[in-house]
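Colleague: One structure follows; several queries about it will come next.
The values are calculated or read from the model by the stated rules, or taken from the named source; none is laboratory data. Every value quoted in this text rests on a predicted model; they were computed, and no experiment measured them. Methodologically, a virtual Cβ is constructed for each residue, glycine included, from the backbone with ideal geometry; neighbour enumeration extends over all protein chains shown.
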Amino acid sequence: MSDIIKVEKNLEVERVRVLIVDDDKEIVELLSIYAQSEGYEVLKAYNGQQAVKKFEQAGDVGIILMDVMMPIMNGLQVVKHIRDYSNVPIILLTAKTDDVDKIRGLVTGADDYVTKPFNPIEVMIRIKSVTRRVSQPKMANSSDLIVLNGITINTATNEVKNNKDELIPLTASEFQVLLLLANNLGKIFTADDVYKEIWDSEDSVSGKTVMVHISHLRDKLDKATNGEKIVQTVWGKGYKIDEYTP
């Protein structure tokens, strides 16, 4: 029975390609072994410049796991560069435990972070958590569409468009935050509630993580909808999306 479960698990992730980036080759090799054992295809890079080149050449990377402190081009610079043209999920590895450094990574556009030293099993759990947010696109029908004031969410393709049918580029985490609120219209979620629902873990800066993602989400939605206030803040309580009013 365990062998069957293992095969099914590998089949589920066999097409997901992870790019692992760290200037410490031993860390890259360690994480590669664990990722491959879970069925992931692995690409390796040892500085930021190599990471950008590998990512652009591969074309179908499913997730990036990357150190922050690297020579030539650091992790934050890579995130900023990639976010100019891609919303691929990115998890940062950081040796800094200061909350400010973690938030800086999220502000730059990362989806999650893991603090060094880490347990490789924990890293694999984070990868699975993030990749679960990104489903394979499929043909959509009307039941896959959530219509809100100013936007339409396609749950089959993980796409969000404005009323002009223009695509709004959201990261995997931003999309899942939006989807959580949209599936629970009128319900107020605290920052901790959102973090537990989306990231499925405990963290000392969970509230700040959510605040950063919601701030990015709002900026993108506001820009795409000419200021439509879709995600509402209920001061002292949390966040919600109101009922759709056609």
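Colleague: Within the set of pairs 6 or more residues apart or between chains, which connect a residue that is within 15 Å of Gly109 (Cβ to Cβ) and at pLDDT 85 or above inside segment 193-218 to a residue that is among the polar types (S, T, N, Q) and surrounded by 15 or more Cβ atoms within 10 Å (Cβ to Cβ) with Cβ atoms less than 7 Å apart?
Modeller: Cβ pairs passing all conditions: His213/Ser173.
Colleague: Another one. Give the number of residues within segment 140-154 that are assigned to a loop (DSSP other than H, G, I, E, B) and modelled with pLDDT under 85.
Modeller: Residues flagged as assigned to a loop (DSSP other than H, G, I, E, B) and modelled with pLDDT under 85 within segment 140-154 amount to 2.
Colleague: Just one of Ile72, Ile20, Ile27, Ile64 is surrounded by fewer than 18 Cβ atoms within 10 Å (Cβ to Cβ), β-branched (Val, Ile, Thr), within 22 Å of Gly105 (Cα to Cα) and outside the structural domain of Thr171 (by TED's automatic domain parsing); which is it?
Modeller: Ile72
Colleague: Given (1) in a loop (DSSP other than H, G, I, E, B); (2) under 19 Å from Ile27 (Cα atoms); (3) free of Cβ contacts under 8 Å to residues at least 24 places away in the same chain, where does Glu122 come up short, assuming only one miss?
Modeller: Failing condition for Glu122: (1).
Colleague: Still on this structure, please answer the following. Kindly check whether there is at least one residue in segment 99-122 that is modelled with pLDDT of 90 or more, more than 24 Å from Gly227 (Cβ to Cβ), β-branched (Val, Ile, Thr) and in the same structural domain as Ile27 (by TED's automatic domain parsing).
Modeller: Checking segment 99-122: at least one residue is modelled with pLDDT of 90 or more, more than 24 Å from Gly227 (Cβ to Cβ), β-branched (Val, Ile, Thr) and in the same structural domain as Ile27 (by TED's automatic domain parsing).
Colleague: Applying the selection to segment 87-117, what residues are in a loop (DSSP other than H, G, I, E, B) and either of a type outside the set (Ser, Thr, Tyr) or buried (at least 16 other Cβ atoms within 10 Å of the Cβ) (or both)?
Modeller: Within segment 87-117, Asn87, Val88, Pro89, Ala95, Lys96, Asp98, Gly109, Ala110, Asp111, Lys116, Pro117 qualify.
Colleague: Let me ask something else. Does Tyr239 satisfy the criteria of being among the aromatic types (Phe, Trp, Tyr), touching a strand residue (DSSP E or B) at 6+ places or on another chain (Cβ under 7 Å) and either modelled with pLDDT under 90 or not in a loop (DSSP other than H, G, I, E, B) (or both)?
Modeller: Yes: the conditions hold for Tyr239.
Colleague: Right, something else. May I ask you to verify whether Ile230 is modelled with pLDDT of 90 or more, assigned by TED's automatic domain parsing to the domain that holds Ala156 and closer than 18 Å to Thr108 by Cα?
Modeller: No, not satisfied.
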